[in-house]
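Remarks on the structure that follows.
The values are calculated or read from the model by the stated rules, or taken from the named source; none is laboratory data. Keep in mind that this is a model prediction, so the values were computed, not measured. Cβ: placed from backbone, ideal geometry, glycine included. Neighbour counts: every protein chain shown.
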Amino acid sequence: MTTSDSPRTILATPGRIERATQRASRAKAREQRQTRARPEPTAETLAVYETKIQQLTRLHCADYKRLDWHDIAGRGLVEPALPANAKELVARKALAAYRPGFFDSLLGMGADRRRRLAERVLEAAKADALIYAEAKRNADRHNLDVTLAASILALEPEAVEKALGAHLPMGELKPALEGLSLSFPGAGRLVIYLDALELDVLPDESCAMLENGKGGYVPTSASALQELHVSNICSAILRVGLETLTTLPIEAVEVVARCYLPSPRTGEFEQHPVIYVKLPYEAVQRMDIRRLEPTSAVTALGGRIDWDSTRGFAPIQIHDLKLVADKSRAALSQSAMGSGGA
């Protein structure tokens, strides 16, 4: 793996102005919830809330299968199958074959039934398009992997960036974090910078069944909100770290989680590192990650963290970890290469 000073963005983090705007919008929404009467939460509302909590704190509970890049290197390129339009053809045949029966004609229902059959044709066409799009994505990813395999085995930064961009499950990651970037501070090292959600992004109330048997909204205590925050960040660290270890042929990955915290002096939000952990592949293989609470798992892996339930996170020191490439050593290496070539 070559050294690279420039961080490589996988998922861009919102800028300072956008972040401030979003923070103000969330504050306004909270104020409106507190001052306006709301209908009783339904079973669907309760389900949505539970799903949100799972997305935030159980993100690491997934199936992981390591890619074999030596095997991938031996595969050939493929072409996605042409759109078959199978569902649309079936729906069109049903529409073409429809003849109003006696009761449909008698009750004037023929036009309605024909309209519903026509709607099914459109729905089937959309379903066929989604099937083809998925097949094309799979073929494109396969071809990208084959093309990148030699560079991935050499752990070239550009190839690593492309592979993670293609294989990380962004649809699942986005609700639980804000951004991701990569750094290559030295031979054999990969550091992922994970930009975590701010505290006020998390649900500050829960949906629950009250003693009267009705659904209601229950404010989340300050300590419970802090617990949710640390669980969210640790779960995101584990998922991103494990996805990286199973995508790339590396022995370990380092993750630095960063979060915007209000300054105790000015109240202004500033970004700070809040968790650092190194995930060795062999160690996480021995852990049943899906059964562990995320905070316990990160702690067991020797994570560096300064947190408690009364104040939440405090910035941690990471200067001693040498997460930035040694420029003087890189310059000497470049000089030696130049001399050899002369």
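LEU261: within 19 Å of SER296 (Cα to Cα) and of a type in the set (A, V, I, L, M, F, W, C), yes or no? Working first, answer last.
Working: within 19 Å of SER296 (Cα to Cα): no; of a type in the set (A, V, I, L, M, F, W, C): yes.
Answer is no for this residue.
Within the stretch 86-104, identify whether any single residue is touching a Pro at 6+ places or on another chain (Cβ under 8 Å) and more than 24 Å from ILE250 (Cα to Cα), and answer yes or no.
Within the stretch 86-104, the first condition is being touching a Pro at 6+ places or on another chain (Cβ under 8 Å), and the residues that meet it are none.
No, the conditions are met nowhere in the stretch 86-104.
If only one of LYS28, LYS65 is touching a residue at least 12 places away in the same chain (Cβ under 8 Å) and loosely packed, with under 14 Cβ neighbours inside 10 Å, which one is it? Quick ask: steps written out before the conclusion?
Numbers: LYS28 fails: touching a residue at least 12 places away in the same chain (Cβ under 8 Å).
On inspection, the qualifying residue turns out to be LYS65.
Failed condition for THR266, given (1) outside any strand (DSSP E or B); (2) touching a residue at least 40 places away in the same chain (Cβ under 8 Å); (3) surrounded by fewer than 23 Cβ atoms within 10 Å (Cβ to Cβ), with all others met?
Going through (1) outside any strand (DSSP E or B); (2) touching a residue at least 40 places away in the same chain (Cβ under 8 Å); (3) surrounded by fewer than 23 Cβ atoms within 10 Å (Cβ to Cβ) one by one, THR266 breaks only (2).
Give ALA97, ALA84, ALA111 a once-over and let me know the one that is in contact with a Phe, Trp or Tyr (Cβ under 9 Å, 6 or more places away or on another chain) and loosely packed, with under 13 Cβ neighbours inside 10 Å. Steps first, please.
Values: ALA97 fails: in contact with a Phe, Trp or Tyr (Cβ under 9 Å, 6 or more places away or on another chain); ALA111 fails: in contact with a Phe, Trp or Tyr (Cβ under 9 Å, 6 or more places away or on another chain).
Matching residue, one of ALA97, ALA84, ALA111: ALA84.
Suppose we keep only residues that are surrounded by 12 or more Cβ atoms within 10 Å (Cβ to Cβ) and among the charged types (D, E, K, R) within the stretch 274-303. Which one would you say is nearest to HIS60 (Cα to Cα)?
Checking each candidate, the answer is ARG290.
Are any residues in the stretch 171-220 modelled with pLDDT of 95 or more, within 18 Å of THR57 (Cβ to Cβ) and assigned to a loop (DSSP other than H, G, I, E, B), and if so, which ones?
LEU197, GLU198, LEU202
Hey, among THR13, THR57, THR42, which residue is in contact with a Gly (Cβ under 9 Å, 6 or more places away or on another chain) and surrounded by 14 or more Cβ atoms within 10 Å (Cβ to Cβ)?
Numbers: THR57 fails: in contact with a Gly (Cβ under 9 Å, 6 or more places away or on another chain); THR42 fails: surrounded by 14 or more Cβ atoms within 10 Å (Cβ to Cβ).
Only one candidate passes the filter, namely THR13.
Can you tell me how many residues within the stretch 293-325 are among the charged types (D, E, K, R), assigned to a helix (DSSP H, G or I) and within 16 Å of HIS229 (Cα to Cα)? Don't jump to the end; show me each part of the working.
Initial filter on the stretch 293-325 (among the charged types (D, E, K, R)): 293, 304, 306, 308, 311, 320, 322.
Of the ones still in play, those that are also assigned to a helix (DSSP H, G or I) are 320.
Still in the running and within 16 Å of HIS229 (Cα to Cα): none.
The qualifying residues number 0.
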